[in-house]
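Inspection log for the structure reproduced underneath, given as structure tokens.
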Amino acid sequence: MAHVVTEACIKCRYTDCVNVCPVECFHEGPNFMCIDPLVCIDCGVCVGECPVDAIRPDIALSTHEQIYVKLNAELARRWPAVSESSGCLPEADEWRQRPGKLNLLIR
Ligand code: SF4
Ligand code: F3S
């Protein structure tokens with residue numbers, strides 16, 4: 001069991017979440033953040049930090065969000081771990097309420 005970053009993060013990547021994680025399991029990509037499921041201790045502290053509610057426990061994901069379980073695991077192996085906020089992306093506020101962002105994720 002782990003927490004998972006979902007679609008709302010794409011093109012926003014506010015990075016508030018990384019400041020509170022006690023085990024440094026966030027990995028940062030060009031326009032998305034992911035959680036390493038092998039490191040996450042499922043504490044839930046990061047959930048309330050995300051301004052767009054992108055982080056959820058894997059057991060709470062809907063069927064169409066299941067793809068993010070695999071994506072977080074895959075991208076965590078590819079991207080560097082981060083432990084400090086780097087601020088949001090410049091277009092974050094413009095994209096925060098837009099649906100259908102998965103095809104805009106840059107690996
Ligand atoms: Fe880190 Fe806890 Fe969030 Fe997992 S649930 S990513 S351990 S803050
Ligand atoms: Fe993404 Fe939310 Fe963290 S937008 S980078 S999961 S604070």
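The residues in segment 19-44 that are among the β-branched types (Val, Ile, Thr) and in contact with a helix residue (DSSP H, G or I) (Cβ under 9 Å, 6 or more places away or on another chain) can be counted, and the count is 3. Given the condition open to solvent by 10 Å² or more (accessible area, probe 1.4 Å), within 10 Å of ligand 2 (Cβ to nearest atom), over 23 Å from residue 97 (Cα atoms) and not β-branched (Val, Ile, Thr), answer yes or no: does some residue in segment 64-75 qualify? Checked against the condition, which is being open to solvent by 10 Å² or more (accessible area, probe 1.4 Å), within 10 Å of ligand 2 (Cβ to nearest atom), over 23 Å from residue 97 (Cα atoms) and not β-branched (Val, Ile, Thr), segment 64-75 yields no hits at all. Can you tell me which residue among 18, 39, 47 is surrounded by fewer than 19 Cβ atoms within 10 Å (Cβ to Cβ) and touching a strand residue (DSSP E or B) at 6+ places or on another chain (Cβ under 7 Å)? Of the residues listed, the single one that is surrounded by fewer than 19 Cβ atoms within 10 Å (Cβ to Cβ) and touching a strand residue (DSSP E or B) at 6+ places or on another chain (Cβ under 7 Å) is 47.
Beta carbons closer than 7 Å, at least 6 apart along the sequence or on distinct chains, pair a first residue in segment 70-82 that is more than 13 Å from residue 2 (Cα to Cα) with a second that is open to solvent by less than 30 Å² (accessible area, probe 1.4 Å) and part of a helix (DSSP H, G or I) for 82/18.
When segment 55-70 is filtered for residues that are farther than 15 Å from residue 25 by Cβ, out of contact with any Leu (no Cβ under 8 Å at 6 or more places or on another chain) and of a type in the set (A, V, I, L, M), the ones remaining, listed by number, are 59, 60, 61. For residue 93, the criteria (1) touching a Phe, Trp or Tyr at 6+ places or on another chain (Cβ under 9 Å); (2) of a type outside the set (Val, Ile, Thr); (3) within 13 Å of ligand 2 (Cβ to nearest atom) hold in every case but one, which is (1).
The values are calculated or read from the model by the stated rules, or taken from the named source; none is laboratory data. This is a predicted model, so every value here is computed, not measured. Reconstructed Cβ throughout: ideal geometry from the backbone, glycine too, with neighbour counts over all protein chains shown. Each accessible area value is taken on the protein alone, full model and side chains, heavy atoms only, with ligands, DNA and RNA left out. Shrake-Rupley method; radii C 1.70, N 1.55, O 1.52, S 1.80 Å.
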